[in-house]
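Everything on this sheet refers to the single structure shown next.
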Amino acid sequence: GGFEKTPGWLDWYAGPSKPKFQLPANSVDAHCHVFGPGDRFPYAPERKYTPCDASREQLFALRNHLGFAKNVIVQATCHGADNRALLDALTHSGNRARGVVTVKRSVSDEELQAMHHAGVRGVRFNFVKRLVDFTPKDELMEIAARIAPLGWHVVIYFEAVDLPELWDFFTALPTTVVVDHMGRPDVSKPVDGPEFALFLKFMREHPNVWSKVSCPERLSLDGPPALDGERAPYRDVVPFARKVVETFPDRVLWGTDWPHPNLKGHMPDDGLLVDFIPHIAVTPELQRKLLVGNPNRLYWPEEIEGS
Ligand SMILES: O=C(O)/C=C(\C=C(/O)C(=O)O)C(=O)O
C-alpha cells in the first residue's frame with residue numbers, strides 16, 4: 001500500500017457523459033487498463049509512474065455506462081510483468097473481457113496456459129522510452145515465438161520517430177501485430193507526408209498488422225477540445241485516424257484508454273471520446289467493423305457463427 005500518485009497526474013473523468021453516438025450491439029472497448037488497487041495488486045518497482053487506483057468494478061461500470069458489451073484489458077507499464085490485477089479482472093468479467101499481458105522470457109509454459117485459460121490473447125511490447133527501459137530484441141522475439149502457438153498476437157506501442165529503427169523487428173514478428181494509437185503520429189506534420197506514409201506502408205505491405213485508432217487526446221495539439229458536439233474535437237487527429245480506418249477497415253480497433261494514464265493537460269470525458277468515433281468512422285458499416293466485427297474476430301472468434 002501507500003503508493004503516491006505521480007505529481008501532476010490527473011485522475012480519470014468522474015461522471016462521464018452519456019454518449020450521443022449509439023454504440024452498435026456487441027461493441028468492444030479494445031484498449032483499457034485496470035490499476036491496482038495498490039494494496040491488493042502492488043505497482044511494479046521498476047515503474048516510471050504511479051497511477052491512481054482504477055478497479056475492475058469501475059472499468060465495468062464505465063463499460064455499461066458507455067454502452068460497450070466487452071473490454072480488452074491491456075497491461076500497462078506501471079504493473080510491469082505482474083499481470084495479477086489484469087487476470088483478476090478477466091476472471092470476474094463473465095467472459096466479457098480479454099487480456100493482453102506483459103511477460104518476461106522467464107515466464108513458464110504453465111503460466112502462459114493459465115493466462116490463456118483466463119482469457120489472455122496477446123502480449124504487449126512497449127518501446128516508449130518515457131515508459132520503459134530497453135528490452136533486447138532477442139528476448140522479445142523469443143517471447144513472440146513462444147506465444148505464437150497459443151494463437152496470441154503482439155501489441156506494440158512506439159513513437160513514430162522510432163518506426164524506421166524498429167521496422168526490421170516489427171516486420172519479422174511471426175504473429176498478428178496490433179499497433180497502439182497508430183504509432184503516435186506527429187499530427188503537426190501533413191497526413192500525406194513521408195512520416196505517416198511510412199506507417200501506412202507498414203500496414204499496406206504487412207496484412208498481419210492492425211492498428212488502434214484511439215487516444216486522440218494524447219496525439220492532438222489542439223489542446224482541450226471545444227466539444228460542441230457538432231465540430232469534431234481533436235480536429236488535427238481526424239485526418240490521420242480517418243485515413244487508417246478507410247484504408248484498412250478490417251484491421252482497425254478502438255478503445256477508451258481508460259483510466260488514461262499520464263495525462264496532465266486535460267482529462268477527456270469518456271462519453272465525449274465515444275462521440276468522437278463518428279468523426280473517424282464516418283459510416284455505420286465502418287463503425288460496425290471498427291467496434292464489433294474486427295475486435296470480436298480477433299478476441300472472441302469462438303463466438304462467431306461458423307468459426
Ligand atoms: O495507456 C496508454 O496506452 C498510453 C500510455 C501508457 C501506457 O500504455 C503504459 O503505461 O503502459 C502513455 O502514453 O503514457
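Every number here is computed from the coordinates shown, using simple stated rules; none is lab data. Worth saying up front: this structure is predicted, and the values here are computed from it rather than measured. When we count neighbours, we look across all protein chains shown, and the Cβ atoms used for this are built from the backbone with ideal geometry, even at glycine.
Taking 32 Å as the cut-off for C-alpha to C-alpha distance, list the pairs among K20/K129; K18/K289; K18/K212 that go past it.
Those over the limit are K20/K129.
Taking K and R as +1 and D and E as -1, what net charge do the other residues with C-beta under 10 Å from the C-beta of Q75 add up to?
0
So what is the relative contact order for region 1-103, in percent, with contacts set as C-alpha pairs under 8 Å and at least six apart? Please list the in-between numbers first.
Values: 158 pairs, mean separation 31.5, N = 103.
RCO, region 1-103: 31 percent.
On a full-extension model of 0.36 nm per residue, what is the gain between A145 and E302, subtracting their alpha-carbon distance, rounded to one decimal in nm?
Answer, rounded to one decimal: 54.2 nm.
Give me the net charge of S27's neighbourhood, meaning all other residues with Cβ under 13 Å from the Cβ of S27; Lys, Arg count +1, Asp, Glu -1.
On the way: positive: R63, K70, R96, R288, K289; negative: D29.
Net local charge, S27 excluded: +4.
Which peptide among 257-269, 187-199 comes first, and what is the full order, when sorted by highest mean count of other Cβ atoms within 10 Å?
Result, highest mean Cβ count within 10 Å first: 257-269, 187-199.
Based on the alpha-carbon set only, what is the convex hull volume of the chain divided per residue, in Å³?
Expressed per residue, the convex hull around the Cα atoms of the chain is 129 Å³.
Note down the nm distance, to one decimal, between modelled labels 7 Å out along Cα→Cβ at E57 and at K201.
Output for this residue pair reads 5.2 nm.
Per DSSP helix of 4 or more residues, -39500 (n - 2.57); summed, then divided by the residues of the chain. What does that give at 222 nm, rounded to the nearest 500?
-9000 deg cm²/dmol
Please identify the GluC sites (Glu not before Pro) of region 1-102 that satisfy two criteria: DSSP loop assignment and at most 12 other Cβ atoms within 10 Å. Which are they?
Numbers: sites: E4, E46, E57; in loops: E4, E46.
Those satisfying the criteria are E4, E46.
Using 0.36 nm per residue, how much length does the chain from S188 to T283 gain when fully extended, once their Cα-Cα distance is taken away?
31.6 nm
Near K264, which aspartates and glutamates are there with a Cα under 17 Å away, not counting those fewer than 8 places off in the same chain?
Here the aspartates and glutamates satisfying the reach criterion relative to K264 are E4, D11, D53, E217, D222.
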